[in-house]
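The values are calculated or read from the model by the stated rules, or taken from the named source; none is laboratory data. Every value quoted in this text rests on a predicted model; they were computed, and no experiment measured them. Using ideal geometry, Cβ is built from the backbone for each residue, glycine included, and neighbour counts are taken over all protein chains shown. For accessibility, only protein heavy atoms count, side chains too; no ligands or nucleic acids. Shrake-Rupley method; radii C 1.70, N 1.55, O 1.52, S 1.80 Å.
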Amino acid sequence: MAHHIVQGHTEHIRDMQESVMADDSQRNFRSVYYEKVGFRGVEEKKSLEILLKDDRLDIEKLSTFSQRFPLPSMYRILVWKVLLGIIPPHHKSHALVMNYRKEQYWDIHHALHVIRFINDSTPQVDVFLRIHQLESGKLPRNLAYPLEPEDEVFLAIAKAMEEMVEDPIECYWLVSCFVNQLNSKHKDSLQQLPKILEQYLNIEDSKLLMHLKACAAMSKLPYDLWFKKCFAGCLPESSLQRVWDKVISGSCKILVFVALEILLTFKMKIIALTTAEKITQFLENIPQDNTDAIVSKAVDLWRTHCGTPAHSV
């Protein structure tokens, strides 16, 4: 029963999204000009508002904006929903598609109640996990099955997203589609990130790299926390959102530079630690008071090494 509910709703949403993918004329985008003449913040917001006024939102331009600038908080969730394919580019379809998303959520929620996988006291993030498992055909045979590593990743991202998004249905779809993006679009890239981190650390601070290798710590750094969980449970909400802006809009490589900047920022502390276990323990629980500065420096490093994303106009 539950499988047919999921399949029916998914096909309905896909049909609707395809029906609104007509080509529209593209609006010229002026953030390059704004950046060159020194307008920041206010003009970035105006540029985004121009993009969001289009009848059909331009996914490529929204992605490029998100790569270049932090998203204003009032528009972040809307842009994430569009970039993750939760809602289609056409404005007129947003309410209708979200209504189908809502129906799908509650239908699966009800099915899980019937088969006693959830009840009224089940924590919200656990409800999200069970819905996601059923939707992706990975619901275990019974509740006694231990959680898989991918389930732990889902729960970490869900707990972080829950702090950012008030509406539980919106929150579920953001978590589910973000996790699906990580497991499909970014899967191969994520596996390469530890090696890439070592390469950039060698460029930025070879002595620190030598210390980590001498302690046999490079293979034991918290890569799952940093790269699989995308710093969920490591960075506070304000810093995490800015990192996720970049990942959701197409760049998982930003994760390398956040990890790199964490290592550089806490270099003296790390060098004072002489075992891999102590280094890893510290990095899993970094101080939370200057993470916004860490992310800003990480974005600068990312731009230095990878260049600034160019706008298509």
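Restricted to the range 219-233, and to residues there that are open to solvent by less than 20 Å² (accessible area, probe 1.4 Å) and of a type outside the set (Gly, Ala, Ser), the residue that is farthest from the chain's Cα centre (by Cα) is Leu221. When the residues of the range 79-98 are filtered to those that are assigned to a helix (DSSP H, G or I) and modelled with pLDDT of 95 or more, which remaining residue is surrounded by the fewest Cβ atoms within 10 Å (Cβ to Cβ)? Of everything passing the filter in the range 79-98, Leu96 is surrounded by the fewest Cβ atoms within 10 Å (Cβ to Cβ).
Closer than 22 Å to Trp80 by Cα and out of contact with any helix residue (DSSP H, G or I) (no Cβ under 9 Å at 6 or more places or on another chain): does that describe Ala160? The answer is no for Ala160.
A search for C-beta distances below 6 Å between a residue of the range 150-171 that is farther than 23 Å from Leu190 by Cβ and any residue that is basic (Lys, Arg), counting only pairs 6+ apart in sequence or on different chains, returns Ile169/Lys102. Could you say whether any residue in the range 131-145 is of a type in the set (D, E, K, R), open to solvent by 20 Å² or more (accessible area, probe 1.4 Å) and closer than 30 Å to Trp302 by Cα? Among the residues of the range 131-145, not one is of a type in the set (D, E, K, R), open to solvent by 20 Å² or more (accessible area, probe 1.4 Å) and closer than 30 Å to Trp302 by Cα, which makes the answer no. Scanning the range 275-285 for residues that are touching a residue at least 12 places away in the same chain (Cβ under 8 Å) and open to solvent by 10 Å² or more (accessible area, probe 1.4 Å), we see that the one that is nearest to the chain's Cα centre (by Cα) is Glu284. Applying the condition of being among the hydroxyl-bearing types (Ser, Thr, Tyr) and in contact with a helix residue (DSSP H, G or I) (Cβ under 7 Å, 6 or more places away or on another chain) to the range 99-130 and asking which residue is least open to solvent (accessible area, probe 1.4 Å) yields Tyr105. Between Arg242, Arg303, the distinction of being in contact (Cβ under 8 Å) with a residue 40 or more places away in the chain and open to solvent by 10 Å² or more (accessible area, probe 1.4 Å) belongs to Arg242 only. When you scan the range 162-173, do you find a residue that is assigned to a helix (DSSP H, G or I) and over 23 Å from the mean Cα position of the chain (by Cα), even just one? No: zero hits.
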